[in-house]
Amino acid sequence: MENEKKKEIKKAQAIFGVVFGTSLAVCAALAVLGYYWIGLAIGFVGCLCAGMYMKSAETKYRLGDERSHHIDEKASAFTFKVSFAALGVFFAILGGLSKFTVIPAYSVIGPFFAFMAITYVATTRHYTKKYS
Amino acid sequence: MKNKLKVLRAMSDLTQEELADKVGVTRQTINAIEQGKYLPSLELAFKLAKLFNVKIEEIFVEDEN
């Protein structure tokens, strides 16, 4: 029974991963081809559907409860604070550099989103250990 | 904050999984509460108290240290 539940949970996580990843990939591919708005729309709808699916799976298999929400809240708050401060410093430096050179937006926003994602994952792991 | 959840659970002959099911949380949450690593919400504390038919302060005791 327990193994079946684990299999179902893994299946739900796999579906979420595939839908989420494919949406982002399609979005990026269309953006590269020049269809920004179509890409954004597909990416948005895909990510939204994946999120809604995962939310229903969370309720069904009781993956999330008040402790996991508490961890998520703490990790999100920490990520926001760190990212906000880092972005402020980063933009100040870029503001100074922009007088001497042209800096493409992609090369700024891409690493910044990656930094946010890594910070969130690392912080979530930290708080999960702390509250377990 | 100390708690007597583990004792009360043992007295009721419940596993962590069964208790978790009864109060609508995960087994990991019950385990974290028992180890004193996570303080439950007031709602969950009331659910636990109601389930064991005791007062909240009989489950959760303020740590003097």
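The values are calculated or read from the model by the stated rules, or taken from the named source; none is laboratory data. This structure is a prediction, so every number in the text was calculated from the model and none was measured. Every residue, glycine as well, gets a Cβ built from its backbone with ideal geometry; the counts of neighbours run over all protein chains shown. These accessible areas exclude ligands, DNA and RNA; they are computed on the full protein's heavy atoms, side chains included. Shrake-Rupley method; radii C 1.70, N 1.55, O 1.52, S 1.80 Å.
Judged by the ratio a/c of the largest to the smallest principal axis of the C-alpha gyration tensor, chain A counts as oblate, that ratio being 1.5 or greater while a/b is no larger than b/c. Computed from Cα positions, the angle between helix A:36-61 and the longest principal axis of chain A comes to roughly 30 degrees. Distance between the pseudo-spin-label points of A:Asp72 and A:Leu87 (7 Å out from Cα toward the beta carbon): 2.1 nm. Annotation note: trypsin sites (Lys or Arg not before Pro) in chain B located in DSSP loop regions with a Cβ neighbour count of at most 12 within 10 Å are B:Lys55.
Interface between chains A and B: roughly 1000 Å² of accessible area buried, both sides summed (probe 1.4 Å, protein heavy atoms only).
Whenever you get a sec, compute what percent of the accessible area on chain B sits on carbon and sulfur atoms (1.4 Å probe). Could you put the intermediate results ahead of the total?
On the way: 2030 of 4240 Å².
Using a 1.4 Å probe with all protein chains present, chain B comes out at 48 percent carbon and sulfur.
Among A:Thr22, A:Thr101, A:Thr119, determine the one that fluctuates most according to a GNM of chain A built with springs between C-alpha atoms less than 10 Å apart. Its mean-square fluctuation being the largest, the pick is A:Thr101. For region A:62-99, list residues with backbone N below 20 Å from a point placed 7 Å from the Cα of B:Asp21 toward its Cβ? Residues A:62-66 fall inside that zone. Label reach from B:Met1 (point 7 Å along Cα→C-beta): in region B:16-52, amide nitrogens under 15 Å belong to B:29-50.
Going from the chain on its own to the full set of protein chains, region B:14-45 has these residues losing 40 Å² or more of accessible surface (heavy atoms, 1.4 Å probe, no ligands, DNA or RNA): B:Thr26, B:Lys37, B:Tyr38. Here the Karplus curve 6.51 cos²θ - 1.76 cosθ + 1.60, taken at θ = phi - 60°, turns the phi angles of region B:37-47 into couplings of 8, 9, 8, x, 5, 4, 4, 5, 4, 5, 4 Hz, with x standing for Gly and Pro.
Taking 25 Å as the cut-off for C-alpha to C-alpha distance, list the pairs among A:Lys11/A:Lys55; A:Lys130/B:Lys6; A:Lys10/B:Lys50; B:Lys6/B:Lys55; A:Lys55/B:Lys55; B:Lys22/B:Lys55 that go past it. Each step should come with its number before you reach the end.
Working: A:Lys11/A:Lys55 14 Å; A:Lys130/B:Lys6 20 Å; A:Lys10/B:Lys50 34 Å; B:Lys6/B:Lys55 16 Å; A:Lys55/B:Lys55 34 Å; B:Lys22/B:Lys55 18 Å.
Those over the limit are A:Lys10/B:Lys50; A:Lys55/B:Lys55.
Of the residues B:Leu44, B:Thr26, B:Ile59, the one whose Cα sits farthest towards the positive end of the charge dipole of chain B is B:Thr26 (charges of +1 on Lys and Arg Cβ, -1 on Asp and Glu Cβ, taken about the Cα centre).
Ranked from largest to smallest solvent-accessible area, with a 1.4 Å probe on the protein heavy atoms, A:Met116, B:Met1 come out as B:Met1, A:Met116. Excluding ligands, DNA and RNA, the accessible surface per residue across the protein assembly as shown is 70 Å² with a 1.4 Å probe. In this simple spin-label approximation, A:Ile38 and A:Ile109 carry label points 7 Å from Cα along the Cα→Cβ vector, and these lie 2.0 nm apart.
Loop-located GluC sites (Glu not before Pro) across chain B with a Cβ neighbour count of 13 or fewer within 10 Å are B:Glu62, B:Glu64, with loop assigned by DSSP.
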